[in-house]
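Written out below as C-alpha cells is the structure these notes cover.
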Amino acid sequence: MPDAAKSLAWDDFRVIKAIAEARALPAAAASLGIDHSTVFRRLNQIERVLGLRLFDRIRTGYAVTAAGEEVVGLALRMDEEITALTRRIAGRAPDPSGELRVTTNDSLLIHLLTPLLAVFRRRYPRIRLDIVIGNRALDLSRRDSDIAIRATDRPPETLVGRRIARIAWALYGRAQDFPDPGPIDAARLADRDWVALGDALGAIAAVRHAREQVAPERLACRIDSVLGLAEAVEAGLGIGHLPCFVGDLRPGLRRLGPTIEAFATDLWLLTHPDLRHAARIRAFLEVMGAELTRCRPLLEGRTAADDMAGEAGPA
C-alpha cells in the first residue's frame, strides 16, 4: 500500500469500501447516505491523493483494479476492526439504558411478545426498544440488531442464547365451519380448500407438506406471512397449519387435530457473544427469558392438546 494512504481519513476508506461492495456509485451513495455526485467527487480526490486508480470504470459498473485491491482490503479490515471495537465497548456499558434493537417476526410480535415487551419496559424504562420485523435473519455480528427472537432449529454458530420452548403446529379451520365439538374425521377434510405459506418460507416443514401433499387445485391461497395465513383461515379461505400460539388464541379458529411434531421448531433468544455482558442485553435476556418460559404451555400447544388427547387427526 502506498504511503499516501496513511493520510486518508476513515470516511475515505468507507467510500472505497462502499464502492467496492456495490460496484456502482448510486448504490454506494445510498449505503453511505450521501448523494451520487459526492461519492464521485470523493473517489476522484482519493485517487489523486494516492496517485493510482482504484477502480476501472466499465460498462457494468466499477471494478477494483489490481493496484486498488490492497487499499480495498485495508478498508474492509478497518471496518471489521471498528465494528468489533463498537461491540466490545457496547458490551462493557454498565447501566441498563440506551437503545436496544430487537428483531423478530410479525406473528411472534402480535400474538406473543408485545405484552411481554411492555413488562420489560416497566422494569427498565431507560432502555428504548427498536423492533425490527421480518423473517430474514439479520446479521447480529454487524449490529443490524442486538437481540433476535427467532423460531429455528439451527441458530447461527456465531451467536449465543437460550432455547425457550418447542413451538408446536397443528391444523386449523374456521370455527363456524366445524361447530361440532367431537373429533374431526379426516374424510371431512378431503374436499376442503387449503391455505399455506409461500415458498419464501420454504424452510418451514408445513410449507413442504402443503407443496407435496395438497392437490394444486385445492390450494386456494399462499401467503408469505404466518399472521396473514391465520387471517386467511379465519376468513374462510381454507384450512391450514399454524403455530398453536397463533391458532389457539383466535376464537374464530378451531384446532382440527393434534400437534404435529414434524412441524415443530425451537424458539430462541439470541445475541452476539460480545454483547451478552452488556447491562441492557442481560436485562432483556433475563426478563424476556422468564416471561417467555411462562408461555411454554401455549407455545408447545399443551393447553388445547390436553382436551384433544386420544384424537386421531390429519397430519
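Specify the residue that is most open to solvent (accessible area, probe 1.4 Å); the eligible residues are those in the range 34-44 that are part of a helix (DSSP H, G or I) and without any contact (Cβ under 8 Å) to a residue 24 or more places away in the chain.
Per the criteria, the residue is Arg41.
Can you tell me which of (1) among the hydroxyl-bearing types (Ser, Thr, Tyr); (2) at pLDDT 90 or above; (3) more than 30 Å from Arg276 (Cβ to Cβ); (4) open to solvent by 30 Å² or more (accessible area, probe 1.4 Å) is the one Thr65 doesn't meet?
Every condition holds for Thr65 apart from (4).
Yes/no matrix, rows are residues, columns are (1) in contact (Cβ under 8 Å) with a residue 40 or more places away in the chain; (2) of a type in the set (D, E, K, R); (3) surrounded by 18 or more Cβ atoms within 10 Å (Cβ to Cβ); (4) out of contact with any helix residue (DSSP H, G or I) (no Cβ under 8 Å at 6 or more places or on another chain):
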site	(1), (2), (3), (4)
Arg188	no, yes, no, yes
Asp199	no, yes, no, no
Ala206	yes, no, yes, no
Glu234	yes, yes, yes, yes
Leu237	yes, no, no, yes
Asp248	yes, yes, yes, no
Arg276	yes, yes, no, no
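Scan the range 19-28 for residues that are surrounded by 21 or more Cβ atoms within 10 Å (Cβ to Cβ) and either within 25 Å of the chain's Cα centre (by Cα) or without any contact (Cβ under 8 Å) to a residue 24 or more places away in the chain (or both) and report the count.
Residues that pass the stated criteria total 1.
For the condition at pLDDT 85 or above, part of a strand (DSSP E or B) and farther than 20 Å from Pro258 by Cβ, what is the one hit in Ile131, Ile110?
Ile131
How many of the residues in the range 109-119 are more than 17 Å from Ala290 (Cβ to Cβ) and touching a Leu at 6+ places or on another chain (Cβ under 8 Å)?
2
The values are calculated or read from the model by the stated rules, or taken from the named source; none is laboratory data. These numbers come from a predicted model, not from an experiment. Don't worry about glycine lacking a Cβ; one is built from the backbone with ideal geometry, like all the others, and counts go over all protein chains shown. Ligands, DNA and RNA are stripped out before the accessible areas are found, and what is left, the full protein with its side chains, is counted by its heavy atoms. Shrake-Rupley method; radii C 1.70, N 1.55, O 1.52, S 1.80 Å.
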